[in-house]
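Peer 1: Let me give you the structure first, and then I'll get to my questions.
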Number of protein chains: 2
Amino acid sequence: MKSTFIRRFATLRPEIVTKSFPGPVSKSISKDISEIQEDRAHQFIVDYGKSSGNYIVDADGNTLLDAFAQIASIAIGYNNPALIELAKSEEFITAAINRPALGNFPPSNWKQILEDGLLKKTPKGLEQLFTAMCGSCANESAYKAVFMAYRDKHHGTGFSEEELKSCMQNAAPGSPEYSILSFESAFHGRLFGSLSTTRSKAIHKIGVPAFDWPQVAWPAVKYPLEEYGDYNRAAEAKSLELVRQTIREHKTKKPVAALVVEPIQSEGGDNHASADFFRGLREITKEEGVYMIVDEVQTGFGATGSFWAHDKWNLETPPDIVTFSKKAQAAGFYHNFDLRPSLPYRNFNTWMGDPIRALQAREMIKYIDNHNLVKHTEDVGEFIYTSLKNLSGNTPIENVRGWKQGTFISFDMPTSQGRDLVVSSMRARGVNIGGCGERAVRLRPMLIFGKEEAGILLDTLRKVIADI
Amino acid sequence: MKSTFIRRFATLRPEIVTKSFPGPVSKSISKDISEIQEDRAHQFIVDYGKSSGNYIVDADGNTLLDAFAQIASIAIGYNNPALIELAKSEEFITAAINRPALGNFPPSNWKQILEDGLLKKTPKGLEQLFTAMCGSCANESAYKAVFMAYRDKHHGTGFSEEELKSCMQNAAPGSPEYSILSFESAFHGRLFGSLSTTRSKAIHKIGVPAFDWPQVAWPAVKYPLEEYGDYNRAAEAKSLELVRQTIREHKTKKPVAALVVEPIQSEGGDNHASADFFRGLREITKEEGVYMIVDEVQTGFGATGSFWAHDKWNLETPPDIVTFSKKAQAAGFYHNFDLRPSLPYRNFNTWMGDPIRALQAREMIKYIDNHNLVKHTEDVGEFIYTSLKNLSGNTPIENVRGWKQGTFISFDMPTSQGRDLVVSSMRARGVNIGGCGERAVRLRPMLIFGKEEAGILLDTLRKVIADI
């Protein structure tokens, strides 16, 4: 499998040429940038022109195997020849330099771009597509859609004088006291609406005003999920009961218009739950008249071994909304007609997404399908998971998770410091990985990550663990 | 002036070839799109490949002089040769297909891109640049920056246990009850934080939960501003007094961390005020310890005859933040070091802006400077304004405004229906313009709009007004 496409990229291997990592050039460029912009979150400075496929080359000439991929945002490799070809096309250039106000003046090929691309991957049971600029924008536009629909469902499509007047004062009933229910340790974005549903870390939230919206504890499952069946079922039942209770308690004071949930809580620590749990959520939200938003910003686009992570849940009725961004490069949400607002300009903005990102999504989808990369990712994921499980018996590695979730795999180190040391030591040995939650290491490789790359990753990890 | 650069574009002129406007192909494509996306705000469908300079070509082959420019978002013309060249460059292609998580893994040329571009236009007195994805994102990231800084100013950079805990519950003190003060009829964006400061129209706000943040009436000035000196001074004084009063009243219950203001309220109806008014705002915010955010998303990048509209105010101390997007293609805000958060990852997200849009901004800035387009826009604006003033004496056109504001010009029709009729009749005669507020027609041409184009616009307007 791998050989059919990997060979089209330049052949690289991990190689750290500097005495320490990041090297002096990275550090010096970061310092330069610090004069005009925040630099303290820089990991290293990149030479994107030299990066290729699974490999990222830094400003010092170090080459790293990249299993983090711009926070899970590169799908088919750096400088993929298919994307280079696209970028050189008249279609792409025209779209890049004549960015339209899509809601007012769409290009004549707009629907075709979507039909050949993003609409090919419309989640089962959905048919409409709202395009946006980024993951936070996608989630917030989805929240707006459910708020509007929830209002109309309960009060009809006409507006009262009082509503028209009060909304200009940011007051009820025009600006209703509705809420979005999210989970503890969830991450749904960083703007004011999305941040109000984000519950990952204090550093993400402190000092920023937030809506008084409810949250429910994520089920306190044990890993591996399949080995703790009874225990986890009880934990999930408890969480589901809390969801129902919270929705009911809020009905009179601050109605829950929608529940938002990640298939795997990513930023918050790679927290999993069973397909049964998500089916339960769908059942409860249906019964209680609450919309269900599945946030696939990080899980979507193949990384979990199915195109959408929620494909694996076998839902009887689809979620009301599925949001996406990151690997898709494009962003937005899928929905059905009932979530299209009653009037134009209600859920609107200047750009309404970006055609060049929709073109890239189209090209990536074609590439993913042609190379069977979703199945490939499932296979490679099984190999990595099994190897990590074997490793976890004799090392501080614990809570390996992501079985049957493609390469969306993670594990815990005993402490936060231990985790940070693993991440930095891996980088110093030429493998870029990421952290999440309190003490988790997360793998977010691209879909072209093969068994050969997995072997390098695992070998390096073994060495790093032996060293510390 | 014009001839040196207009000649580089294809030569077009307004030509409507369909019996009605929009034509049958536009209508049919809109109907197609309506199967999967909102279409009711479509004005017409565009063939961007055929559009050139100031002229937009639609899917039916109609050619329109475009004085609306994608809601004020095209600076130097459709298919500008300079932007085509850029799009073909390796630098652009590399940036387009390897989109980085800029806050973690910036490209080695990142600072240089900014120094050769956006930083050349850093507003006087500012030095730092936060990059973002869109206008709403720019404003919301700016709001986050002022909230964090306001908190730290009053409570120090350390966090209490109570803050760390309560912010995870979306509750004070961790999620503080701070506010942003905005003006009636303001428009600052469509996401949850920005929408809470937007007060333009009910359709933008109704059904969406909002923060209970204060607003103050925009000064009830009469136009032309310069002819009603005393009257307007009194109106502005009243508004300024209300600003001070509102800030003081909120000090104990919901402190105002920042005031946000557009130099010209655009979406809300092209509402102007004098430079004295803005100097007054700067004085009051300084005195009351409130940050001042100038929202130049629509006014920035030369359209008002200065690069930033607020350049004309001659402030003694600069605004704390200037936000931008639209014509810049890039988005974000300028600020000083005091508004950089105490810790990394506080004001952070995956993309942190988009390098290709920063490259386009760089290229446009070079083009604008080389062709002296800001001065050009000032001259063309004076010509348009004077002509419209002459026209207003004998026609229903009233409240012509935008004297010495470049081509950022508008006028009222007696009714909302009359305004809509002017806009649609102008389009049917091959000139694309926009509406705003209740009954205003707004001109938002590109910076390459010349006297020749202005002549066509004015001639067409004369005919339309004569007809109705």
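The values are calculated or read from the model by the stated rules, or taken from the named source; none is laboratory data. Everything numeric here is computed off the predicted structure, so don't read it as measured data. Using ideal geometry, Cβ is built from the backbone for each residue, glycine included, and neighbour counts are taken over all protein chains shown.
Peer 1: Within segment A:106-117, can you find the residues that are more than 7 Å from chain B (Cβ to nearest Cβ) and either more than 23 Å from B:ILE356 (Cβ to Cβ) or free of Cβ contacts under 8 Å to residues at least 24 places away in the same chain (or both)?
Peer 2: A:ASN109, A:GLN112, A:GLU115
Peer 1: Pick from A:PHE324, A:PHE333, A:PHE278: which is more than 14 Å from chain B (Cβ to nearest Cβ), modelled with pLDDT of 95 or more and surrounded by 20 or more Cβ atoms within 10 Å (Cβ to Cβ)?
Peer 2: Sole residue among the options that is more than 14 Å from chain B (Cβ to nearest Cβ), modelled with pLDDT of 95 or more and surrounded by 20 or more Cβ atoms within 10 Å (Cβ to Cβ): A:PHE278.
Peer 1: Let me ask something else about it. It is to be established whether one or more residues within segment B:258-273 are assigned to a helix (DSSP H, G or I) and at pLDDT 95 or above.
Peer 2: no
Peer 1: Under the condition of being of a type in the set (Ser, Thr, Tyr) and outside any helix (DSSP H, G or I), which residue from segment A:182-209 is nearest to the other protein chains (Cβ to nearest Cβ)?
Peer 2: Top of the filtered list is A:SER196.
Peer 1: Please verify whether segment A:150-157 includes one or more residues that are at the interface with chain B (Cβ under 7 Å from one of its Cβ atoms) and either in contact (Cβ under 8 Å) with a residue 40 or more places away in the chain or out of contact with any Lys or Arg (no Cβ under 6 Å at 6 or more places or on another chain) (or both).
Peer 2: yes
Peer 1: Find the residue count for segment B:126-159, including only residues that are in a helix (DSSP H, G or I) and farther than 20 Å from B:ILE113 by Cα.
Peer 2: 20
Peer 1: Let me ask you something else. So, in segment A:210-221, exactly how many residues are more than 7 Å from chain B (Cβ to nearest Cβ) and in contact (Cβ under 8 Å) with a residue 24 or more places away in the chain?
Peer 2: Qualifying residue count for the region: 7.
Peer 1: Moving to a separate point now. For segment A:357-375, does any single residue satisfy the condition of being modelled with pLDDT under 95 and either at positive phi or part of a loop (DSSP other than H, G, I, E, B) (or both)?
Peer 2: no
Peer 1: Please state which one of A:LYS254, A:LYS238, A:LYS286, A:LYS312 is part of a loop (DSSP other than H, G, I, E, B), of a type in the set (D, E, K, R), more than 29 Å from B:GLY353 (Cα to Cα) and out of contact with any Lys or Arg (no Cβ under 7 Å at 6 or more places or on another chain).
Peer 2: A:LYS254
Peer 1: Moving on to the next point. When you go through B:ALA142, B:ALA138, B:ALA202 one by one, which is the residue that is surrounded by fewer than 20 Cβ atoms within 10 Å (Cβ to Cβ) and either outside the structural domain of B:PRO263 (by the TED database) or hydrophobic (A, V, I, L, M, F, W, C) (or both)?
Peer 2: B:ALA202
Peer 1: Among (1) facing another protein chain (nearest Cβ under 7 Å); (2) closer than 20 Å to A:PRO255 by Cα; (3) among the hydroxyl-bearing types (Ser, Thr, Tyr); (4) in contact (Cβ under 8 Å) with a residue 24 or more places away in the chain, which single condition is A:SER136 missing?
Peer 2: The one condition A:SER136 does not meet is (2).
Peer 1: Next question, about the same structure. B:ALA82: surrounded by fewer than 22 Cβ atoms within 10 Å (Cβ to Cβ) and hydrophobic (A, V, I, L, M, F, W, C), yes or no?
Peer 2: yes
Peer 1: Take the conditions surrounded by 18 or more Cβ atoms within 10 Å (Cβ to Cβ) and either at the interface with another protein chain (Cβ under 10 Å from one of its Cβ atoms) or closer than 30 Å to A:LEU343 by Cβ (or both) and apply them to B:LYS50. Does it pass?
Peer 2: yes
Peer 1: Something else: For segment B:1-47, which positions are at pLDDT 95 or above, under 30 Å from B:LEU447 (Cα atoms), within 14 Å of chain A (Cβ to nearest Cβ) and part of a loop (DSSP other than H, G, I, E, B)?
Peer 2: Result: B:PHE21, B:PRO22, B:GLY23, B:ASP39, B:ARG40, B:ALA41, B:HIS42, B:GLN43, B:PHE44, B:ILE45, B:ASP47.
Peer 1: Which residues, taken from segment A:402-417, are buried (at least 24 other Cβ atoms within 10 Å of the Cβ) and assigned to a strand (DSSP E or B)?
Peer 2: Once the filter is applied, which keeps residues that are buried (at least 24 other Cβ atoms within 10 Å of the Cβ) and assigned to a strand (DSSP E or B), segment A:402-417 yields A:ILE409, A:SER410, A:PHE411.
Peer 1: Right, something else. If a residue has to be crowded, with 24+ Cβ neighbours inside 10 Å and either in contact with a strand residue (DSSP E or B) (Cβ under 8 Å, 6 or more places away or on another chain) or over 24 Å from B:GLY302 (Cβ atoms) (or both) to count, how many in segment B:437-448 make the cut?
Peer 2: Residues flagged as crowded, with 24+ Cβ neighbours inside 10 Å and either in contact with a strand residue (DSSP E or B) (Cβ under 8 Å, 6 or more places away or on another chain) or over 24 Å from B:GLY302 (Cβ atoms) (or both) within segment B:437-448 amount to 7.
Residue-by-condition table, conditions (1) under 25 Å from the mean Cα position of the chain (by Cα); (2) surrounded by fewer than 22 Cβ atoms within 10 Å (Cβ to Cβ):
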residue	(1), (2)
B:GLY61	no, yes
B:LEU65	yes, no
B:ALA75	yes, no
B:GLU90	no, yes
B:ALA95	no, no
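Peer 1: Scan segment B:234-253 and tell me whether some residue there is touching a Leu at 6+ places or on another chain (Cβ under 6 Å) and surrounded by 22 or more Cβ atoms within 10 Å (Cβ to Cβ).
Peer 2: No: zero hits.
Peer 1: Another question about this same structure. Tally the residues that are more than 22 Å from A:GLY23 (Cβ to Cβ) and charged (D, E, K, R), restricting the search to segment A:420-468.
Peer 2: 9
Peer 1: Test B:GLY103 against the criterion of being in contact (Cβ under 8 Å) with a residue 24 or more places away in the chain, at the interface with chain A (Cβ under 10 Å from one of its Cβ atoms) and either under 26 Å from the mean Cα position of the chain (by Cα) or crowded, with 20+ Cβ neighbours inside 10 Å (or both), and give yes or no.
Peer 2: Yes.
Peer 1: With the structure loaded, tell me whether A:PRO173 is more than 12 Å from chain B (Cβ to nearest Cβ), part of a loop (DSSP other than H, G, I, E, B) and within 21 Å of A:GLU249 (Cβ to Cβ) or whether it fails that test.
Peer 2: Judged against the criteria, A:PRO173 is not a match.
Peer 1: Going through segment A:53-94 one residue at a time, which ones are more than 7 Å from chain B (Cβ to nearest Cβ) and of a type in the set (Gly, Ala, Ser)?
Peer 2: Matches in segment A:53-94: A:GLY53, A:GLY61, A:ALA67, A:ALA69, A:ALA72, A:ALA75, A:GLY77, A:ALA82, A:SER89.
Peer 1: Test A:TYR291 against the criterion of being in contact with a strand residue (DSSP E or B) (Cβ under 6 Å, 6 or more places away or on another chain) and more than 14 Å from chain B (Cβ to nearest Cβ), and give yes or no.
Peer 2: no
Peer 1: Here's a follow-up. Since A:LYS120 meets every condition but one in (1) closer than 23 Å to A:MET446 by Cβ; (2) facing another protein chain (nearest Cβ under 8 Å), which condition does it not meet?
Peer 2: (2)
Peer 1: Which condition number in (1) not assigned by the TED database to the domain that holds A:SER185; (2) not in a helix (DSSP H, G or I) is the one that A:ASP420 fails?
Peer 2: Looking at each condition in turn, A:ASP420 falls short on (2).
Peer 1: Would you confirm whether or not segment B:72-79 contains a residue that is assigned by the TED database to the domain that holds B:ARG427, in contact with a Pro (Cβ under 7 Å, 6 or more places away or on another chain) and modelled with pLDDT of 95 or more?
Peer 2: The answer is no, given that none of the residues of segment B:72-79 is assigned by the TED database to the domain that holds B:ARG427, in contact with a Pro (Cβ under 7 Å, 6 or more places away or on another chain) and modelled with pLDDT of 95 or more.
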